[in-house]
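Input: a single structure, listed below in structure tokens.
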Amino acid sequence: MKRTELARILNGCERPISKDLAAQAARAGLVILAGPFAHFDGAIEGTADLLGDDGNSASGTVYFDAKGILPNYDDIDTRDEVEARAFFDRKRLAASVDVICHKEGRYRWTFSTAIPNSTFEMLDDGQPYCKGIVFSLADAGLHVDE
């Protein structure tokens, strides 16, 4: 399956992404990124921690590699040299995506990245909710054996 085909299939879907589509994406080395927050499905699984100081959703940059989403810098023990070094080693080779949380407008969530991607519209109760993206690990310069 190619990213363009998966984005076409996802276009107009309701959230959350089905487990079957996420499994198909994973087998094809594809990542689906959509709201709420920045939820990764497929070859990378998980949700980025993007909460503002007020506890509400916020915009931000998410770093990830083939192992998954990197933790926020504030969440690592910088006094632990091994943990800090591992974080910076991963971040140096990581890909990134900017997550934009919109308070108004057509979409609550959109994403921006230099990684080649295909977009799709996700719905929530039949209404536009998110402009999600699909990209491949290979296009992000990431390999499963990292």
(request) Please find, in a Gaussian network model of the chain (springs between Cα atoms separated by less than 10 Å), the residue of ALA58, ALA114, ALA34 whose mean-square fluctuation is greatest. (result) ALA114
(request) Let me have the 222 nm mean residue ellipticity of the chain computed from DSSP H runs of 4+ only, each contributing -39500 (n - 2.57), with the sum over all residues rounded to the nearest 500. (result) -6000 deg cm²/dmol
(request) Write down the Kirkwood hydrodynamic radius of segment 3-136, to one decimal in angstroms, obtained as one divided by the mean of 1/r over all alpha carbon pairs. (result) 15.4
(request) Using the Cα centre as the reference, give the magnitude of the dipole from point charges on the C-beta atoms of the chain (Lys, Arg: +1; Asp, Glu: -1; all else neutral), rounded to the nearest 20 debye. (result) 600
(message) Of the candidates ALA84, ALA28, ALA38, which one comes out as most mobile in a Gaussian network treatment of the chain with C-alpha springs shorter than 10 Å?
(response) ALA84
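Rule-based calculations on the coordinates, nothing more; no lab input. Computed from a prediction, not measured in an experiment: that's the story for all the values here. Note that each Cβ is placed from the backbone with ideal geometry, even for glycine, and that neighbours are counted across all protein chains shown.
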